[in-house]
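Right, one structure below, let's go through it.
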Amino acid sequence: VNARWINTKSPCVARSVSAWLKPLYCWRRLVAKKPKVLPALEWLEPRVRLSRIASLICFFGLILLLAAYYLIFADLHGARPWVILLIELVPLILLAPGMISGSARGHSWTCFVINLYFIKGALAVYDPNRSLFGALEMLASLAVFVSALLYVRWRFQYNRKLAGEGAV
């Protein structure tokens, strides 16, 4: 490679560029991250509180739905219902301390894990014997996902606003 062809300078520094090509070379200024204006604390506080309450209600509602289905309605063909229920609830039990404590990180992990229950519900919808349970499981997991996701978003905005960010 010829050394004179290697350009180590930023394209925005190039002096021999014609005027109509200048915006193409200085694209970094156009896409630079601009500071975002965060909502007011008065707007965020009730939303953080309500989304946390909603996510807890939906989370424990999903646990109750699974418990009711596997202990009362499911035809397990001789399998012990408590073993199947324990296998179903282990991921949710592991996430429960983070959800109960109000941790934004715990809520975000719940968003990741709850997708497994949504997929399981989507598969159950196509089984005629479990279609109602599958639809309810999909709705419950979707409600947990949306409410926990909103809690994470608003909680992080609230924390950033308390730290003094977002004032433009």
Worksheet item: For the range 97-124, which residues satisfy the criterion of being open to solvent by less than 30 Å² (accessible area, probe 1.4 Å), in contact (Cβ under 8 Å) with a residue 24 or more places away in the chain and hydrophobic (A, V, I, L, M, F, W, C)?
Response: 99, 104, 111, 114
Item to complete: Considering (1) modelled with pLDDT under 95; (2) open to solvent by 80 Å² or more (accessible area, probe 1.4 Å), say which one residue 130 fails and leave the rest.
Response: (2)
Worksheet item: Could we say that residue 56 is open to solvent by 40 Å² or more (accessible area, probe 1.4 Å) and within 23 Å of residue 149 (Cα to Cα) here?
Response: no
Worksheet item: Counting just the residues of the range 41-56 that are free of Cβ contacts under 8 Å to residues at least 24 places away in the same chain and among the hydrophobic types (A, V, I, L, M, F, W, C), which one comes out farthest from residue 92 (Cα to Cα)?
Response: 43
Worksheet entry | Residue satisfying condition, being over 20 Å from residue 154 (Cα atoms), modelled with pLDDT of 95 or more, surrounded by 12 or more Cβ atoms within 10 Å (Cβ to Cβ) and not small (Gly, Ala, Ser), within set 64, 139 | 139
Discussion item. Report every pair of residues separated by at least 6 positions or lying on different chains whose Cβ atoms are under 9 Å apart, first residue within the range 125-139 and without any contact (Cβ under 8 Å) to a residue 40 or more places away in the chain and under 13 Å from residue 65 (Cα atoms), second in a loop (DSSP other than H, G, I, E, B) and of a type outside the set (Gly, Ala, Ser).
Written reply: 134/126; 134/127
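The values are calculated or read from the model by the stated rules, or taken from the named source; none is laboratory data. The structure presented is a predicted model; accordingly, all values stated were derived computationally and were not measured. Because the Cβ atoms are built from the backbone with ideal geometry, glycine has one as well, and the counts that use them run over all protein chains shown. Please note that ligands, DNA and RNA were not included when accessible areas were found on the heavy atoms of the full protein model with its side chains. Shrake-Rupley method; radii C 1.70, N 1.55, O 1.52, S 1.80 Å.
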